[in-house]
Amino acid sequence: MPDSRPLLPEPVRRAGAWCAVILLVAGVGYVGVLLCAELRTAVVPVLLALLGTALLGPLHRRLVNAHVHRSVAAALTCVAVVAVVGGAVYIVVAALIDSGDEIVRSLRTAGRDLARHFGAAGTSLDDIAANARDLLTKFGGTAASGVISGVSVVGESIAMAVLALLLVFFFLRDSDRAAETLRSLSPPGSADMLEAMARRAFQAVEGFMRGTTFIAFIDAVCITIGLLILDVPGAAGLGALVFVGAYIPYLGAFLSGAVAVLVALADRGFVIALWALGVVLAVQVLEGHVLQPMIQSRTVQMHPAMVMVTITAGASVAGILGMLLAVPLTAAAFGVVEELRTRYGSAP
């Protein structure tokens, strides 16, 4: 009588099944990333528009509840965004341009001071600061030639930004019909599940964007007040830079805080720069231990290690834009997984 026992034990067969699923998901994800890279001029505006819709949805709903026509409410929301973002970018760029020479001079002064106290280490810093202008000049020439040869990249970026803004308008205006459209496009028998997954993913992105915006606003206000007390020039622009940088977790806060400290060093000296560093660190501690747990406790939670890996992967795929999109897209994926666990985990 032939032996009917399986060739492999149960744990090995389960492990093999999971490996096959992981490889299949990884392969599909890789192909999806390649397709998105090839179609980036269409995919990136859609993703940015979804993030903008998740962030601006509450404002649009308030206007609609105030008996403003949906199209007018969407247009007013988009105009407000353009005004706020344009003003913030102008303030940041003006503040950094005005402080650029002072930063280089202060670095040279700090290098000389360190050379008097620490010898060779300070001399090396002084040499780096002394050559900074030449390096920036050479880099500027290289960048200029790159810009001249790649004007199409700038045009492509402007086109994507305009398309994203238009998509935000249409997404806000027609948001009440999104569920009906999704159900009409769903295969038979899967409309309820797809709608629930889409709602959970959008809620995760909306919670992340709203929480991050609120935290960024508090960080920017606190750091701006601290810089104003320390009489650091361009405090408003530096606060706006902190606000924008907060949308890239950890790395954005580090970069914007470093710029604030450098500007303080440029204009107010080493001691005030240390105080500015203390203000930045205090705000970051407040964010990490109070604001993040309190504000984002009801959204999808990700471990800091997962966030750092996600940001690194996004940067390797799409640079700064990938860093910006990586965390909210991962939050949406976590929301979908949580919905599937809720549906199928409780079915038995």
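The values are calculated or read from the model by the stated rules, or taken from the named source; none is laboratory data. Note that the coordinates shown come from a computational prediction; the quantities given were computed from them, not determined experimentally. The accessibility values were calculated without ligands, DNA or RNA, using every heavy atom of the protein model including side chains. Shrake-Rupley method; radii C 1.70, N 1.55, O 1.52, S 1.80 Å.
Data overview
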{"read-out": "Largest-first ordering by accessible area, 1.4 Å probe, given options Ile320, Ile248", "value": "Ile320, Ile248"}
{"read-out": "Computed accessible area, Asp174, all protein chains, 1.4 angstrom probe, square angstrom", "value": "40"}
{"read-out": "Heavy-atom SASA rank of Leu172, Leu251, Leu24 (probe 1.4 Å, accessible area, largest first)", "value": "Leu24, Leu251, Leu172"}
{"read-out": "Carbon and sulfur %, accessible surface of region 226-276 computed with the full protein complex present, 1.4 Å", "value": "78"}
{"read-out": "With all protein chains modelled, accessible area of His303 [1.4 Å, Å²]", "value": "130"}
